[in-house]
Structures are given as structure tokens and as C-alpha cells.
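The values are calculated or read from the model by the stated rules, or taken from the named source; none is laboratory data. Every value quoted in this text rests on a predicted model; they were computed, and no experiment measured them. Because the Cβ atoms are built from the backbone with ideal geometry, glycine has one as well, and the counts that use them run over all protein chains shown.
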Amino acid sequence: MRSLIHRRHSLRAPGDVHLSSEGLALAREVGRTSGPFDRVVTSPKPRAVETAIAMGYSVDAEWEELGSMADPVGRFLEREAPSTFGEFVRWATTVHEVRAAAEALARRWGNELDRLPEGGRMLLVSHAGVVELGAAGAVPDLAIRWGATLAPLEGIRLDRDRGRWVDGAVIRTVPLRTSGDRVPDAGSDGHRISASVDRAEEPPRRVVLK
């Protein structure tokens with residue numbers, strides 16, 4: 001059995017590409033109890049890389065596909081603005097392009113995880129939308145029940161055995177020790193995905209997710 005933990009990046013100030021001080025603190029807090037990983041991969045966006053480092057890990061690789069989605073899927077997500085895992089699963093079962101993108105993400109994650117030794121663990125850090133879409137491709141029967149899309153540093157756990165996804169769970173964020181309230185995402189509209197953030201940083205006809 002091998003396990004993948006895939007988290008959304010931590011908190012950032014509105015419009016900023018870097019983590020806020022609260023985001024760094026939250027990442028350190030979560031990193032204290034995350035345990036060791038055999039491989040750590042992030043999107044190339046500063047907020048994703050900074051999250052992994054603040055959690056206490058060295059980044060082994062950066063994948064472009066964790067930071068943006070090409071059209072027509074990117075345009076579709078931008079228009080629909082999904083708010084639950086269930087919406088991603090339903091689209092993946094009814095829209096060919098969404099299904100193909102979801103399956104491609106799940107396949108890339110699985111191929112990378114299969115390279116680890118038995119019992120290995122991998123950490124991915126990316127963005128809202130990427131995590132949910134890949135979950136819909138890997139474990140749709142489980143993901144459809146996971147509720148709202150991810151807040152900062154929330155994520156999923158996927159277990160894989162003999163080249164197949166066999167189990168999974170959603171991971172909700174533990175609040176900072178200094179606060180009894182769940183930390184809101186300063187750079188998002190609640191749980192809803194905005195697919196237009198930092199569009200100018202990307203090549204034409206790609207959509208960047210939070």
C-alpha cells in the first residue's frame with residue numbers, strides 16, 4: 001500500500017502570490033503532525049512551494065499541470081465555479097473533456113506514487129480545483145460524498161495498492177492553536193473556486209486556479 005496526501009496551498013493575502021504570515025503559521029502547524037514523505041511535489045506557483053517548505057519539507061519537483069488547466073476544461077470550470085466535490089464527479093461522468101482531464105490527473109498521480117517503495121508516502125501541494133478534479137478521476141464513488149471544495153491547506157488522502165486506487169478520505173484543516181475558529185481563506189470567495197486569479201501569469205488559454 002502507498003499513500004498520497006494532496007493539499008491545497010495555505011493562506012495568502014488577496015491578490016498576492018505569496019503566503020501571508022497567517023498562511024505560513026498555518027502551514028507550520030499542519031506540518032508538525034503530517035509525518036515524513038518519500039517525495040514532495042508542488043505546483044510552480046510561489047504559494048504552493050512556500051506551503052511545502054513552511055510545512056518542513058524540501059520540494060523534489062514542480063509540475064506545471066498542478067498550477068493551471070488548459071481549455072476547454074479550464075473555461076468550463078471558470079464558468080461553472082464548482083462548490084462541491086460532488087459537482088466535479090457529476091461533470092466527470094457527463095462531460096467527456098472533464099472526465100478525460102480528471103482521469104489524466106489521477107493517472108499522473110498514480111504513476112508517480114507507484115514508483116515509491118511499498119508503504120511509501122507522497123505529498124502534493126497545488127490549488128483548489130486541481131485536487132477536486134483529480135479526486136473525481138481517482139475515487140469518484142468516495143469523492144462524491146466529500147462535501148465542499150477545499151479551504152486553504154485542506155486536502156485529500158488517496159491509498160493505492162497494486163496499481164489501483166483502493167481508498168481515500170477528505171482532510172479538513174486544523175485551526176491555528178491561537179484561534180478557536182477555522183481560518184478563512186483571505187484570497188478566495190469562501191469555498192467557491194475562482195479560475196481567473198493570476199491569469200496574466202499563464203500562457204494564453206490556460207486558467208489558473210486558487
Checklist entry - Is it true that some residue in the range 64-74 is within 17 Å of ARG2 (Cα to Cα), surrounded by fewer than 19 Cβ atoms within 10 Å (Cβ to Cβ) and among the small types (Gly, Ala, Ser)? => result no
Checklist entry - Which of the residues spanning the range 1-33 are farther than 22 Å from ARG108 by Cα, in contact (Cβ under 8 Å) with a residue 40 or more places away in the chain and surrounded by 17 or more Cβ atoms within 10 Å (Cβ to Cβ)? => result SER10, LEU11, ARG12, SER20, GLU22, GLY23, ALA25, LEU26, ALA27, GLU29, VAL30
Next on the checklist: Residues to consider are THR94, THR51, THR84; find the one that is buried (at least 21 other Cβ atoms within 10 Å of the Cβ) and among the β-branched types (Val, Ile, Thr).
Outcome noted: THR51
Next on the checklist: For a quick check of your reading: which helices (runs of 4 or more DSSP H) sit entirely within the range 67-139 and have at least 1 residues that are farther than 28 Å from ALA27 by Cα and β-branched (Val, Ile, Thr)?
Outcome noted: 73-80, 85-94, 96-114
Checklist outcome for this item: Residue pairs qualifying under the 6 Å Cβ cut-off, at least six apart or on distinct chains, with the first in the range 66-94 being more than 23 Å from GLU112 (Cα to Cα) and of a type in the set (S, T, N, Q) and the second being modelled with pLDDT of 90 or more and part of a strand (DSSP E or B), are THR84/ALA148
Checklist entry - Any chance the range 36-55 includes a residue that's aliphatic (A, V, I, L, M), at pLDDT 95 or above and closer than 28 Å to ARG162 by Cβ? => result yes
Item to check | Residue identified as crowded, with 23+ Cβ neighbours inside 10 Å, more than 25 Å from GLU118 (Cβ to Cβ) and of a type outside the set (A, V, I, L, M, F, W, C) among THR173, THR149 | outcome: THR149
Item to check | Condition met for GLU154 (touching a helix residue (DSSP H, G or I) at 6+ places or on another chain (Cβ under 6 Å) and among the charged types (D, E, K, R)) | outcome: no
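From the list GLU87, GLU78, GLU64, GLU97, which one is among the acidic types (Asp, Glu) and modelled with pLDDT under 90? Outline the logic, then answer.
Numbers: GLU87 fails: modelled with pLDDT under 90; GLU64 fails: modelled with pLDDT under 90; GLU97 fails: modelled with pLDDT under 90.
Within the list GLU87, GLU78, GLU64, GLU97, the selection yields GLU78.
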Checklist entry - With respect to GLU132, is the statement that it is farther than 18 Å from GLY23 by Cβ, among the acidic types (Asp, Glu), crowded, with 18+ Cβ neighbours inside 10 Å and at pLDDT 95 or above true? => result yes
Checklist entry - What's the number of the condition PRO44 fails, among (1) of a type outside the set (A, V, I, L, M, F, W, C); (2) surrounded by 23 or more Cβ atoms within 10 Å (Cβ to Cβ); (3) in a loop (DSSP other than H, G, I, E, B)? => result (2)
